[in-house]
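The values are calculated or read from the model by the stated rules, or taken from the named source; none is laboratory data. The shown structure was predicted, so the numbers you read here are calculated from the model rather than taken from an experiment. Glycine also receives a Cβ, built like all others from the backbone with ideal geometry; neighbour counts cover every protein chain displayed. Just the protein is used for accessible areas: all its heavy atoms, side chains included, with ligands, DNA and RNA removed. Shrake-Rupley method; radii C 1.70, N 1.55, O 1.52, S 1.80 Å.
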Amino acid sequence: MTAEIRAQVTALLPAIRQDLEDLVRIESVSADPARAGEVQRSAEAVAELFRAEAFDSVEIVSAEGGAPAVIAHKKGPEGAPTVLLYAHHDVQPENDHAEWDSPPFEPTERDGRLYARGAADDKAGIAAHLGALRVFGDDLPVSVTMFIEGEEEVGSDTLPALLKEHHDALRADVIVIADSGNWDIGEPALTTSLRGLVRVDVEVRTLTHAVHSGMWGGLAPDALITLSRLIASLHDDTGDVAIAGLHAGPAADVTYPEERLRAESGAVPGLEWIGTGSAVERLWTKPALSITGLDAPKVDGASNTLVASARAKISLRIAPGDTTANALACLQQHLEAHVPWGAELSVTVVDTGEATQIDATGPAYDAARAAFQEAWDGTAPVDMGVGGSIPFIAEFLVAFPEASVLVTGVEDPDTRAHGANEGLHLAEFERVVLAEALLLKNLSEL
(Lines give C-alpha, C1' and ligand atoms only; values in the text may rest on other atoms or scores of the structure.)
Protein backbone atom coordinates (compact mmCIF):
# COMPACT_ATOMS: atom_id res chain seq x y z
CA MET A 1 0.00 0.00 0.00
CA THR A 2 2.81 2.43 0.86
CA ALA A 3 4.53 1.81 -2.47
CA GLU A 4 1.26 2.46 -4.29
CA ILE A 5 0.73 5.73 -2.43
CA ARG A 6 4.31 6.81 -3.14
CA ALA A 7 3.88 6.10 -6.86
CA GLN A 8 0.57 7.92 -6.93
CA VAL A 9 2.08 11.03 -5.32
CA THR A 10 4.86 11.09 -7.91
CA ALA A 11 2.32 10.76 -10.74
CA LEU A 12 0.08 13.51 -9.34
CA LEU A 13 2.84 15.98 -8.54
CA PRO A 14 2.94 17.91 -11.86
CA ALA A 15 -0.78 18.72 -11.63
CA ILE A 16 -0.49 19.63 -7.95
CA ARG A 17 2.37 21.99 -8.75
CA GLN A 18 0.34 23.58 -11.54
CA ASP A 19 -2.52 24.25 -9.14
CA LEU A 20 -0.06 25.75 -6.66
CA GLU A 21 1.41 28.03 -9.31
CA ASP A 22 -2.06 29.20 -10.33
CA LEU A 23 -2.83 30.08 -6.71
CA VAL A 24 0.48 31.90 -6.29
CA ARG A 25 -0.31 34.19 -9.21
CA ILE A 26 -3.25 35.61 -7.25
CA GLU A 27 -2.01 38.54 -5.16
CA SER A 28 -3.99 37.69 -2.03
CA VAL A 29 -2.23 40.16 0.29
CA SER A 30 -4.64 40.47 3.20
CA ALA A 31 -2.78 43.46 4.68
CA ASP A 32 -3.46 45.57 1.58
CA PRO A 33 -7.05 46.92 1.41
CA ALA A 34 -6.52 47.68 -2.28
CA ARG A 35 -6.13 43.95 -2.93
CA ALA A 36 -9.22 42.78 -1.04
CA GLY A 37 -10.63 41.69 -4.39
CA GLU A 38 -7.60 39.47 -4.91
CA VAL A 39 -8.15 37.86 -1.51
CA GLN A 40 -11.74 37.14 -2.56
CA ARG A 41 -10.54 35.77 -5.91
CA SER A 42 -8.09 33.55 -4.06
CA ALA A 43 -10.86 32.11 -1.87
CA GLU A 44 -12.96 31.42 -4.96
CA ALA A 45 -10.04 29.67 -6.67
CA VAL A 46 -9.50 27.46 -3.62
CA ALA A 47 -13.21 26.65 -3.48
CA GLU A 48 -13.15 25.64 -7.16
CA LEU A 49 -10.26 23.26 -6.52
CA PHE A 50 -12.33 21.48 -3.87
CA ARG A 51 -15.43 21.39 -6.06
CA ALA A 52 -13.34 19.75 -8.76
CA GLU A 53 -12.51 16.99 -6.27
CA ALA A 54 -16.24 16.30 -5.76
CA PHE A 55 -16.43 17.49 -2.17
CA ASP A 56 -19.86 16.98 -0.65
CA SER A 57 -20.06 20.66 0.29
CA VAL A 58 -17.93 23.73 -0.36
CA GLU A 59 -18.68 27.11 1.18
CA ILE A 60 -16.95 30.50 1.29
CA VAL A 61 -17.59 32.07 4.69
CA SER A 62 -16.52 35.11 6.66
CA ALA A 63 -17.18 36.65 10.02
CA GLU A 64 -18.24 40.28 10.24
CA GLY A 65 -15.43 42.43 8.93
CA GLY A 66 -13.25 39.42 8.17
CA ALA A 67 -11.64 38.00 5.05
CA PRO A 68 -13.15 35.05 3.16
CA ALA A 69 -12.35 31.53 4.32
CA VAL A 70 -13.25 28.23 2.66
CA ILE A 71 -14.87 25.30 4.46
CA ALA A 72 -15.35 22.05 2.54
CA HIS A 73 -16.37 18.52 3.52
CA LYS A 74 -15.84 15.11 1.97
CA LYS A 75 -17.20 12.07 3.74
CA GLY A 76 -15.17 8.92 4.23
CA PRO A 77 -16.24 5.45 5.37
CA GLU A 78 -18.89 5.13 8.07
CA GLY A 79 -17.27 5.23 11.49
CA ALA A 80 -13.94 6.57 10.21
CA PRO A 81 -12.35 9.49 12.10
CA THR A 82 -12.79 13.03 10.86
CA VAL A 83 -9.63 14.97 10.02
CA LEU A 84 -9.60 18.77 9.71
CA LEU A 85 -6.93 20.05 7.32
CA TYR A 86 -6.01 23.72 7.86
CA ALA A 87 -3.99 26.14 5.74
CA HIS A 88 -4.37 29.79 4.75
CA HIS A 89 -4.66 31.37 1.32
CA ASP A 90 -3.66 34.93 2.19
CA VAL A 91 -0.04 35.99 1.91
CA GLN A 92 2.36 38.60 3.22
CA PRO A 93 3.06 41.80 1.25
CA GLU A 94 5.87 41.32 -1.25
CA ASN A 95 7.46 44.69 -0.35
CA ASP A 96 10.23 45.98 -2.62
CA HIS A 97 10.18 44.09 -5.93
CA ALA A 98 13.81 45.09 -6.48
CA GLU A 99 14.85 42.73 -3.66
CA TRP A 100 13.41 39.74 -5.54
CA ASP A 101 15.45 37.80 -8.08
CA SER A 102 12.26 37.08 -10.04
CA PRO A 103 8.77 38.66 -10.02
CA PRO A 104 7.16 37.89 -6.62
CA PHE A 105 3.85 36.68 -8.05
CA GLU A 106 5.26 34.78 -11.02
CA PRO A 107 6.38 31.32 -9.78
CA THR A 108 9.91 30.65 -10.97
CA GLU A 109 12.02 27.51 -10.47
CA ARG A 110 15.71 27.82 -9.67
CA ASP A 111 17.97 25.08 -8.32
CA GLY A 112 15.14 22.85 -7.15
CA ARG A 113 13.10 25.60 -5.50
CA LEU A 114 9.92 27.33 -6.60
CA TYR A 115 10.19 31.05 -5.81
CA ALA A 116 7.19 33.34 -5.30
CA ARG A 117 5.25 35.02 -2.52
CA GLY A 118 3.04 32.32 -1.01
CA ALA A 119 4.87 29.49 -2.78
CA ALA A 120 5.55 28.09 0.68
CA ASP A 121 3.62 30.20 3.22
CA ASP A 122 1.00 28.96 2.89
CA LYS A 123 -0.41 28.12 -0.50
CA ALA A 124 1.87 25.09 -0.53
CA GLY A 125 -0.05 23.96 2.56
CA ILE A 126 -3.25 24.05 0.51
CA ALA A 127 -1.56 22.17 -2.33
CA ALA A 128 -0.18 19.54 0.07
CA HIS A 129 -3.65 18.89 1.49
CA LEU A 130 -5.09 18.71 -2.01
CA GLY A 131 -2.39 16.32 -3.17
CA ALA A 132 -2.90 13.97 -0.23
CA LEU A 133 -6.62 13.79 -0.99
CA ARG A 134 -6.09 13.18 -4.70
CA VAL A 135 -4.07 10.08 -3.88
CA PHE A 136 -7.29 8.44 -2.67
CA GLY A 137 -9.81 10.00 -5.06
CA ASP A 138 -13.33 9.11 -3.97
CA ASP A 139 -12.07 6.32 -1.67
CA LEU A 140 -10.93 8.48 1.23
CA PRO A 141 -9.85 6.43 4.26
CA VAL A 142 -11.18 9.14 6.62
CA SER A 143 -13.73 11.93 6.52
CA VAL A 144 -12.09 15.24 5.70
CA THR A 145 -12.93 18.86 6.46
CA MET A 146 -10.89 21.53 4.73
CA PHE A 147 -10.58 24.89 6.47
CA ILE A 148 -8.61 27.44 4.46
CA GLU A 149 -8.38 30.77 6.27
CA GLY A 150 -8.01 34.15 4.57
CA GLU A 151 -6.53 36.46 7.20
CA GLU A 152 -3.76 34.57 8.99
CA GLU A 153 -1.14 37.06 7.86
CA VAL A 154 -2.99 39.92 9.56
CA GLY A 155 -3.55 38.21 12.90
CA SER A 156 -6.64 36.00 12.37
CA ASP A 157 -8.78 38.57 14.16
CA THR A 158 -12.08 36.97 13.20
CA LEU A 159 -10.94 33.36 13.56
CA PRO A 160 -12.50 32.96 17.04
CA ALA A 161 -15.83 34.10 15.59
CA LEU A 162 -15.51 31.64 12.69
CA LEU A 163 -14.65 28.77 15.04
CA LYS A 164 -17.67 29.61 17.17
CA GLU A 165 -20.10 30.12 14.30
CA HIS A 166 -19.02 26.98 12.42
CA HIS A 167 -18.03 24.91 15.44
CA ASP A 168 -20.07 21.84 14.56
CA ALA A 169 -18.95 21.89 10.93
CA LEU A 170 -15.28 22.14 11.97
CA ARG A 171 -15.34 19.58 14.77
CA ALA A 172 -12.80 16.82 14.14
CA ASP A 173 -10.91 14.01 15.82
CA VAL A 174 -7.58 15.20 14.42
CA ILE A 175 -6.59 18.68 13.24
CA VAL A 176 -3.61 19.04 10.89
CA ILE A 177 -2.32 22.62 10.71
CA ALA A 178 0.03 23.00 7.75
CA ASP A 179 1.63 26.34 8.58
CA SER A 180 5.01 25.45 10.07
CA GLY A 181 8.06 23.65 8.75
CA ASN A 182 10.65 20.94 9.09
CA TRP A 183 13.90 20.89 11.02
CA ASP A 184 16.06 20.77 7.89
CA ILE A 185 16.13 19.43 4.35
CA GLY A 186 15.79 15.69 4.78
CA GLU A 187 14.77 15.97 8.46
CA PRO A 188 11.02 16.15 9.18
CA ALA A 189 9.49 17.68 12.28
CA LEU A 190 6.34 18.08 14.30
CA THR A 191 6.03 21.53 15.83
CA THR A 192 5.12 21.09 19.48
CA SER A 193 5.73 24.55 20.95
CA LEU A 194 5.53 28.16 19.83
CA ARG A 195 6.26 31.34 21.70
CA GLY A 196 3.56 33.91 22.30
CA LEU A 197 3.72 37.61 21.56
CA VAL A 198 3.13 40.89 23.35
CA ARG A 199 3.70 44.11 21.37
CA VAL A 200 3.46 47.57 22.89
CA ASP A 201 4.28 51.11 21.92
CA VAL A 202 6.21 52.93 24.67
CA GLU A 203 6.48 56.72 24.74
CA VAL A 204 8.52 58.86 27.11
CA ARG A 205 8.13 62.61 27.43
CA THR A 206 10.52 64.89 29.26
CA LEU A 207 9.46 68.33 27.97
CA THR A 208 6.30 70.00 26.73
CA HIS A 209 8.23 71.23 23.68
CA ALA A 210 11.70 71.05 22.15
CA VAL A 211 14.28 73.49 23.55
CA HIS A 212 17.78 74.66 22.59
CA SER A 213 20.41 72.07 23.58
CA GLY A 214 22.93 74.72 24.50
CA MET A 215 20.56 76.63 26.75
CA TRP A 216 19.11 73.59 28.56
CA GLY A 217 21.53 70.71 27.98
CA GLY A 218 23.06 69.49 31.24
CA LEU A 219 19.90 70.22 33.21
CA ALA A 220 16.90 68.90 31.28
CA PRO A 221 17.17 65.30 29.95
CA ASP A 222 16.14 64.83 26.35
CA ALA A 223 13.61 62.14 25.50
CA LEU A 224 16.00 60.09 23.34
CA ILE A 225 18.55 59.65 26.14
CA THR A 226 15.71 58.85 28.52
CA LEU A 227 14.19 56.26 26.19
CA SER A 228 17.62 54.76 25.51
CA ARG A 229 18.23 54.20 29.22
CA LEU A 230 14.79 52.64 29.60
CA ILE A 231 15.39 50.29 26.65
CA ALA A 232 18.83 49.36 28.01
CA SER A 233 17.21 48.20 31.25
CA LEU A 234 15.27 45.48 29.43
CA HIS A 235 18.31 43.16 29.14
CA ASP A 236 21.02 42.21 31.61
CA ASP A 237 24.70 42.25 30.73
CA THR A 238 24.56 38.73 29.23
CA GLY A 239 21.66 39.67 26.95
CA ASP A 240 18.96 37.77 28.85
CA VAL A 241 15.63 39.56 29.21
CA ALA A 242 15.71 41.33 32.58
CA ILE A 243 11.95 41.59 33.16
CA ALA A 244 11.09 39.85 36.44
CA GLY A 245 8.28 37.30 36.48
CA LEU A 246 8.47 35.97 32.92
CA HIS A 247 8.40 32.20 32.44
CA ALA A 248 11.22 30.16 30.84
CA GLY A 249 11.48 26.42 30.34
CA PRO A 250 13.57 23.60 28.85
CA ALA A 251 13.71 22.86 25.13
CA ALA A 252 13.97 19.68 23.11
CA ASP A 253 17.34 17.95 23.21
CA VAL A 254 18.47 18.87 19.70
CA THR A 255 21.64 20.53 18.50
CA TYR A 256 21.58 23.66 16.38
CA PRO A 257 25.02 23.75 14.73
CA GLU A 258 26.90 27.04 14.97
CA GLU A 259 27.55 27.27 11.23
CA ARG A 260 23.86 26.77 10.53
CA LEU A 261 22.86 29.40 13.08
CA ARG A 262 25.13 31.95 11.44
CA ALA A 263 24.10 31.10 7.90
CA GLU A 264 20.37 31.16 8.63
CA SER A 265 20.43 34.30 10.79
CA GLY A 266 22.58 36.37 8.46
CA ALA A 267 24.79 37.36 11.40
CA VAL A 268 27.74 39.59 10.54
CA PRO A 269 31.20 38.05 11.10
CA GLY A 270 32.28 38.23 14.73
CA LEU A 271 28.78 38.84 16.12
CA GLU A 272 28.32 37.43 19.63
CA TRP A 273 25.05 35.72 20.53
CA ILE A 274 23.09 37.17 23.43
CA GLY A 275 21.57 35.35 26.38
CA THR A 276 22.35 32.13 28.21
CA GLY A 277 21.31 28.51 27.82
CA SER A 278 21.32 26.33 24.71
CA ALA A 279 20.60 27.87 21.34
CA VAL A 280 17.21 26.18 21.07
CA GLU A 281 16.23 27.28 24.57
CA ARG A 282 17.01 30.88 23.67
CA LEU A 283 15.09 30.55 20.41
CA TRP A 284 12.12 28.43 21.54
CA THR A 285 11.48 28.34 25.29
CA LYS A 286 12.86 31.54 26.81
CA PRO A 287 11.46 35.06 26.43
CA ALA A 288 13.05 37.37 23.88
CA LEU A 289 12.66 41.10 23.48
CA SER A 290 13.37 43.31 20.48
CA ILE A 291 12.89 46.94 19.55
CA THR A 292 11.26 46.84 16.13
CA GLY A 293 10.62 50.55 15.59
CA LEU A 294 11.61 54.02 16.80
CA ASP A 295 9.99 57.43 16.35
CA ALA A 296 12.73 60.04 16.57
CA PRO A 297 14.15 62.82 14.39
CA LYS A 298 16.27 61.66 11.47
CA VAL A 299 20.01 62.21 11.75
CA ASP A 300 20.14 64.10 8.45
CA GLY A 301 18.75 67.54 9.06
CA ALA A 302 18.27 67.15 12.82
CA SER A 303 18.17 70.50 14.64
CA ASN A 304 20.32 71.25 17.67
CA THR A 305 17.48 70.88 20.16
CA LEU A 306 16.50 68.61 23.02
CA VAL A 307 13.83 66.18 21.79
CA ALA A 308 10.70 66.45 23.91
CA SER A 309 9.26 62.95 23.33
CA ALA A 310 10.33 59.66 21.77
CA ARG A 311 8.57 56.40 21.08
CA ALA A 312 9.59 52.76 20.56
CA LYS A 313 7.78 49.59 19.59
CA ILE A 314 8.66 46.66 21.86
CA SER A 315 8.14 43.10 20.63
CA LEU A 316 8.24 40.60 23.49
CA ARG A 317 8.15 36.89 22.65
CA ILE A 318 6.93 34.89 25.62
CA ALA A 319 7.83 31.31 26.40
CA PRO A 320 5.41 28.38 26.25
CA GLY A 321 3.84 28.09 29.70
CA ASP A 322 3.51 31.85 30.11
CA THR A 323 0.41 33.95 29.38
CA THR A 324 0.06 37.27 27.63
CA ALA A 325 -1.71 38.69 30.70
CA ASN A 326 1.24 37.86 32.95
CA ALA A 327 3.83 39.05 30.43
CA LEU A 328 2.04 42.34 29.85
CA ALA A 329 1.75 42.98 33.59
CA CYS A 330 5.45 42.18 34.14
CA LEU A 331 6.51 44.42 31.25
CA GLN A 332 4.37 47.31 32.46
CA GLN A 333 5.73 46.99 36.00
CA HIS A 334 9.32 46.93 34.72
CA LEU A 335 8.87 50.00 32.54
CA GLU A 336 7.25 51.98 35.32
CA ALA A 337 10.04 51.03 37.74
CA HIS A 338 12.87 51.87 35.35
CA VAL A 339 11.79 55.00 33.49
CA PRO A 340 14.49 57.49 34.54
CA TRP A 341 14.40 61.04 35.85
CA GLY A 342 10.66 61.24 36.44
CA ALA A 343 9.82 61.28 32.74
CA GLU A 344 6.20 60.74 31.71
CA LEU A 345 5.59 57.22 30.46
CA SER A 346 2.74 55.88 28.34
CA VAL A 347 2.34 52.27 27.22
CA THR A 348 -0.12 51.29 24.47
CA VAL A 349 -0.85 47.63 23.72
CA VAL A 350 -0.60 46.91 19.99
CA ASP A 351 -1.50 43.20 19.98
CA THR A 352 -1.00 39.95 21.84
CA GLY A 353 -0.98 36.24 21.02
CA GLU A 354 -0.81 33.29 23.38
CA ALA A 355 2.05 30.80 23.40
CA THR A 356 1.37 27.16 22.55
CA GLN A 357 2.57 23.94 24.15
CA ILE A 358 1.25 20.70 22.67
CA ASP A 359 1.37 17.36 24.48
CA ALA A 360 2.32 15.39 21.37
CA THR A 361 1.55 11.94 22.76
CA GLY A 362 -1.13 9.47 21.79
CA PRO A 363 -2.25 7.44 18.78
CA ALA A 364 -2.64 10.36 16.35
CA TYR A 365 0.89 11.57 17.03
CA ASP A 366 2.23 8.02 16.70
CA ALA A 367 0.45 7.79 13.34
CA ALA A 368 2.01 11.07 12.24
CA ARG A 369 5.52 10.09 13.29
CA ALA A 370 5.23 6.77 11.46
CA ALA A 371 4.02 8.55 8.32
CA PHE A 372 6.84 11.09 8.46
CA GLN A 373 9.48 8.43 9.03
CA GLU A 374 8.19 6.46 6.05
CA ALA A 375 8.07 9.52 3.79
CA TRP A 376 11.59 10.56 4.74
CA ASP A 377 13.04 7.08 4.14
CA GLY A 378 13.56 6.11 7.76
CA THR A 379 14.45 9.49 9.27
CA ALA A 380 12.41 9.98 12.43
CA PRO A 381 10.80 13.42 12.92
CA VAL A 382 12.08 15.93 15.46
CA ASP A 383 9.76 17.48 18.04
CA MET A 384 10.52 21.07 17.17
CA GLY A 385 9.87 24.39 18.82
CA VAL A 386 9.33 27.62 16.93
CA GLY A 387 10.50 30.97 18.23
CA GLY A 388 7.83 32.84 16.32
CA SER A 389 4.15 32.96 17.13
CA ILE A 390 1.09 31.40 15.50
CA PRO A 391 -1.55 32.56 17.99
CA PHE A 392 -4.44 30.91 16.17
CA ILE A 393 -3.17 27.45 17.18
CA ALA A 394 -4.12 28.27 20.76
CA GLU A 395 -7.60 29.14 19.46
CA PHE A 396 -7.97 25.64 17.97
CA LEU A 397 -6.77 24.03 21.21
CA VAL A 398 -9.39 25.97 23.18
CA ALA A 399 -12.22 25.43 20.67
CA PHE A 400 -11.57 21.69 20.22
CA PRO A 401 -9.95 20.38 23.41
CA GLU A 402 -10.83 16.79 22.53
CA ALA A 403 -8.96 16.86 19.20
CA SER A 404 -5.34 15.90 18.56
CA VAL A 405 -3.66 18.93 16.95
CA LEU A 406 -0.73 18.22 14.64
CA VAL A 407 1.32 21.22 13.50
CA THR A 408 3.22 20.43 10.30
CA GLY A 409 4.27 22.34 7.23
CA VAL A 410 6.33 22.69 4.09
CA GLU A 411 8.95 25.22 5.17
CA ASP A 412 12.66 24.61 5.72
CA PRO A 413 15.45 26.80 7.12
CA ASP A 414 15.93 28.58 3.78
CA THR A 415 12.28 29.16 2.90
CA ARG A 416 12.48 32.90 3.69
CA ALA A 417 8.79 33.19 4.42
CA HIS A 418 7.72 36.85 4.74
CA GLY A 419 10.95 37.96 3.04
CA ALA A 420 12.12 38.48 -0.51
CA ASN A 421 12.77 35.33 -2.55
CA GLU A 422 10.42 33.12 -0.57
CA GLY A 423 10.92 29.63 -1.94
CA LEU A 424 9.56 26.10 -1.73
CA HIS A 425 11.99 23.16 -1.81
CA LEU A 426 10.25 20.97 -4.39
CA ALA A 427 11.73 17.63 -3.33
CA GLU A 428 10.73 18.25 0.28
CA PHE A 429 7.26 19.30 -0.87
CA GLU A 430 6.81 15.89 -2.49
CA ARG A 431 7.73 14.27 0.82
CA VAL A 432 5.21 16.46 2.64
CA VAL A 433 2.42 15.35 0.29
CA LEU A 434 3.46 11.72 0.71
CA ALA A 435 3.61 12.05 4.50
CA GLU A 436 0.12 13.52 4.68
CA ALA A 437 -1.33 10.81 2.47
CA LEU A 438 0.31 8.16 4.67
CA LEU A 439 -0.99 9.97 7.74
CA LEU A 440 -4.59 9.79 6.50
CA LYS A 441 -4.13 6.06 5.87
CA ASN A 442 -2.61 5.54 9.32
CA LEU A 443 -5.39 7.48 11.06
CA SER A 444 -8.02 5.29 9.39
CA GLU A 445 -6.43 2.26 11.06
CA LEU A 446 -6.55 3.58 14.64
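In whole percents, the pair-distance distribution calculated for the stretch 267-306 from its alpha-carbon pairs, binned every 5 Å from zero, is 5, 15, 15, 14, 13, 11, 11, 8, 7, 0. By the Kirkwood approach, averaging reciprocal distances over each pair of separate Cα atoms, the chain gets a hydrodynamic radius of 23.5 Å. Solvent-accessible area of TRP341, all protein chains in place: 140 Å² (probe radius 1.4 Å, heavy atoms, ligands and nucleic acids excluded).
A cut-off of 5 Å between modelled amide H atoms, ignoring neighbours fewer than 5 places along the same chain, links ASP179 with THR408. When +1 charges are put on Lys and Arg Cβ atoms and -1 charges on Asp and Glu Cβ atoms, the dipole computed for the chain relative to its Cα centre reaches about 780 debye.
Express the Stokes-Einstein translational diffusion coefficient of the stretch 168-266 in µm² s⁻¹, to the nearest whole number, given a Kirkwood radius over alpha-carbon pairs, 37 °C and a viscosity of 0.692 mPa s. Display every interim value, and only then the final one.
On the way: Rh = 19.7 Å.
Stokes-Einstein gives a translational diffusion coefficient of 167 µm²/s.
Leaving ligands, DNA and RNA out of it, report the carbon-plus-sulfur percent of the accessible area of the stretch 338-446 at a 1.4 Å probe. Write down the numbers at each step before the final one.
Numbers: 2080 of 4250 Å².
Summing carbon and sulfur atoms, their accessible area is 49 percent of the total for the stretch 338-446.
Roughly how far apart, in whole Å, are the Cα centres of the stretch 159-196 and the stretch 1-46? Taking the Cα centre of the stretch 1-46 as reference, the centre of the stretch 159-196 is 18 Å away. Using a Gaussian network model of the chain in which every pair of alpha carbons under 10 angstrom is joined by a spring, one finds that among ALA435, ALA248, ALA11 the greatest mean-square fluctuation is at ALA11. If the chain linking ALA308 and GLU258 were pulled fully straight, counting 0.36 nm for each residue of separation and taking away their Cα-Cα distance, it would gain 13.6 nm.
Take the Cβ-Cβ distance between ALA325 and ALA3 as r, set R0 to 60 Å, and report the resulting FRET efficiency rounded to the nearest 0.05. Working shown, then result.
On the way: r = 52 Å, r/R0 = 0.86.
The formula returns an efficiency of 0.70 here.
Checking the table LYS164/LYS286; LYS75/LYS164; LYS123/LYS298 against a 30 Å threshold on Cα-Cα, which pairs fail? As for pairs spanning more than 30 Å Cα to Cα, those are LYS164/LYS286; LYS123/LYS298. For the chain, the residue among MET1, TYR256, PRO381 whose Cα projects farthest onto the positive side of the dipole built from Cβ charges is TYR256. DSSP finds beta bridges in the chain, and of those with both partners inside it, around 65 percent are antiparallel.
Antiparallel as a % of all DSSP beta bridges within the stretch 34-160, to the nearest 5? Intermediate values should be presented prior to the final figure.
Details: 13 of 20 bridges.
Among the beta bridges of the stretch 34-160, antiparallel pairing accounts for roughly 65 percent.
Above 17 angstrom, tally the Cα pairs of the stretch 332-411 and express them as a % of all pairs, no decimals. Percentage above 17 Å: 64. The aspartates and glutamates within cross-link reach of LYS313, meaning a Cα-to-Cα straight distance under 18 Å and a gap of 8 or more places when in the same chain, are ASP201, GLU203, ASP295, GLU336, GLU344, ASP351. Treating r as the C-beta distance of ALA337 and THR276 and R0 as 30 Å, the FRET efficiency rounds to 0.85. The mean sequence distance of close C-alpha pairs (under 8 Å, at least 6 residues apart), as a share of the length of the chain, puts its relative contact order at 25 percent.
Take 44-57, 17-30, 207-220 and order them by the average number of nearby Cβ atoms within 10 Å per residue, most first; the result is 17-30, 44-57, 207-220. Computed over the alpha carbons of the stretch 132-205, Rg followed by Dmax gives 17.8, 67 Å. Grab the beta carbon distance between ALA11 and ALA380, set R0 = 30 Å, and tell me the FRET efficiency rounded to 0.05. Once the sixth-power term is evaluated, E becomes 0.65. Summary of the geometry: the stretch 363-433 and the stretch 281-304, compared by the centres of their Cα atoms, lie 31 Å apart.
For the stretch 278-367, report the translational diffusion coefficient in µm²/s to the nearest whole number, using Stokes-Einstein at 20 °C, 1.002 mPa s, and a Kirkwood Rh over Cα pairs. Numbers along the way, then the final one.
Numbers: Rh = 16.6 Å.
Result for D is 129 µm²/s.
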